[in-house]
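See below for the structure under consideration.
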Amino acid sequence: MIRIALVALVFLQEDGVTLRYPSAKGPTDKIYTETKFTLKIEGSEQAVAFVRSLHPFLSIEKLQLRADGTRTSDGKKVKVDHEESRVELRYDDEDHELDYAKGQVPPAGLDKDKLKQMLWYMAAGGRNYSLTPAGEYKSDDATQDHNGEAMDLIALGLIRMPDGAVKEGDSYEKEFKGIRSEKGKQGKWDFKQKVKVEKVEEKDGKKVATLAADLTGKVNMPPAERDANAEEQWTKCEAKMRAVIEAGTGRVISSEGQGKVVGYYRSPAENGGKNEITMTFTVEGKTSVK
């Protein structure tokens, strides 16, 4: 019996598996998701205040979203709905929270309160996005910028799929470009992902593969969009991801990611010193089928 099991294991490894995200409509999965986010802005008091004034989102210090819901895919579009969720948010030095259940009526005054809008959107909004079998991602949020794109990739633990069949222990690399940019600009991400096939095994009669990946990236900013006064100006990201993928169907059994997006700017100041600002977006996410 032991010898038969060993022979089967060898056959499994030699045969390899082909991995792709879903290319056809699949079942509705009950899932649990969790997202954590922090924003740290460093620099002079005046510079930090100016940056935070640019958008309400930049006054978020940290948030945590936990949700039970469903995920459906038709092979092109993925839809995540929240059935129950909880958002905890620290905003402008104050703590806020919201519990949500599907069918709940939006709170009064939502259209006049940006903070309430953010809490409600996070708790009730879920996610809608496109995902190709190879792993090309695009959020349905047309207002998303380059930072949001990178943070989505990290939080969802999205790993680009290999070109051919892979076996346990194999490694591969993928280089790809982002599709989002800052409003009114053209700079987009140059991403690189290094992936290792940590494990290929059989669970409940199906082959599944565990992939681990390191993601790095830098925004390729056209010269015309660089501040003429800047001595140094860049946006970079780095992250670690892991995903368990069902071979054949492409169903994601679980995924997770942890990483950060960092923007840096430095220029001479009128007083002979330096104008310097660093923005660090830290994000963690996990999704698992219940």
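Every read-out reported here was derived from the displayed coordinates using simple, explicitly stated rules and does not represent laboratory data. Please read these numbers as outputs of a predicted model, since none were measured by experiment. In this analysis, Cβ positions are derived from the backbone assuming ideal geometry, glycine residues included, and neighbour counts consider all displayed protein chains.
Report, in deg cm²/dmol and to the nearest 500, the calculated mean residue ellipticity at 222 nm for the chain, where each DSSP H run with n ≥ 4 adds -39500 (n - 2.57) and the sum is divided by the residue count.
Mean residue ellipticity, 222 nm, calculated: -4500 deg cm²/dmol.
Taking neighbour counts of Cβ atoms within 10 Å as a proxy for exposure, in what order, fewest first, do Trp234, Trp120, Trp189 appear?
Values: Trp234 13, Trp120 18, Trp189 23.
The most exposed by this proxy come first: Trp234, Trp120, Trp189.
In nm, what is the difference between 0.36 nm times the number of residues separating Lys185 and Asn229 and their Cα-Cα distance?
Residue separation times 0.36 nm, minus the Cα-Cα distance, leaves 14.1 nm.
Normalising by the residue count of region 18-289, find the relative contact order in percent from Cα pairs under 8 Å and 6+ residues apart.
Relative contact order, region 18-289: 21 percent.
Under a crude label model (7 Å from the Cα following the beta-carbon direction), how far is Tyr32 from Lys77 in nanometres?
2.9 nm
With r defined as the distance between the Cβ atoms of Lys25 and Lys236 and R0 fixed at 35 Å, what FRET efficiency is calculated, to the nearest 0.05? Please report the intermediate quantities before stating the final value.
Values: r = 38 Å, r/R0 = 1.08.
The formula returns an efficiency of 0.40 here.
Can you list the GluC sites (Glu not before Pro) in region 203-290 that are in a DSSP coil and have 12 or fewer other beta carbons within 10 angstrom?
Counting only loop positions with at most 12 other Cβ atoms within 10 Å, the GluC sites (Glu not before Pro) in region 203-290 are Glu231, Glu270.
What ³J(HN,Hα) values, in whole Hz, does the Karplus curve 6.51 cos²θ - 1.76 cosθ + 1.60 give for region 20-34 when θ = phi - 60°, with x put for Gly and Pro?
Result, rounded to whole Hz: 8, 6, x, 10, 8, 5, x, x, 7, 9, 7, 10, 10, 10, 9.
Please compute the modelled spin-label separation between Ala269 and Asp163, points set 7 Å along Cα→Cβ, answer in nm with one decimal.
Here the modelled spin labels are 5.1 nm apart.
Each residue of region 119-136 in order: what ³J(HN,Hα) in whole Hz does its phi give by Karplus 6.51 cos²θ - 1.76 cosθ + 1.60, θ = phi - 60°, with x for Gly and Pro?
4, 5, 4, 5, 6, 9, x, x, 9, 9, 7, 9, 8, 7, x, 7, x, 6
For region 120-219, state which GluC sites (Glu not before Pro) are in a DSSP loop and have at most 16 other beta carbons lying within 10 Å of their beta carbon.
Glu136, Glu182
Using 23 Å as the Cα-Cα cut-off, could you pick out the over-long pairs in Lys192/Lys274; Lys36/Lys112; Lys199/Lys236; Lys36/Lys138; Lys183/Lys260?
Checking Cα-Cα distances, Lys192/Lys274; Lys36/Lys112; Lys199/Lys236 exceed 23 Å.
Just need the relative contact order of region 145-188 here, percent rounded to a whole number, with Cα pairs under 8 Å and 6+ apart.
After rounding, I find 56 percent.
Hey, can you grab everything whose amide H is under 5 Å from the amide H of Gly187? Only 5+ residues off in sequence or another chain; H modelled, so Pro and N-termini drop out.
The list, which skips near neighbours in sequence, is Glu182.
Defining a contact as two alpha carbons under 8 Å apart and six or more residues distant in sequence, what relative contact order in percent does region 115-249 show?
20 percent
Kindly state, to the nearest 0.05, the FRET efficiency for Arg86 paired with Thr280, given R0 = 25 Å and r defined as their beta-carbon distance.
In this case the efficiency is close to 0.50.
Could you work out how far apart the two model spin labels at Leu58 and Glu136 are, taking each label as a point 7 Å from the Cα in the direction of the beta carbon, and quote it in nm?
3.2 nm
Work out the FRET efficiency for Ser44 and Leu110 from their Cβ-Cβ distance, taking R0 = 30 Å, and round it to the nearest 0.05.
Working: r = 35 Å, r/R0 = 1.18.
Working from the Cβ atoms, E equals 0.25.
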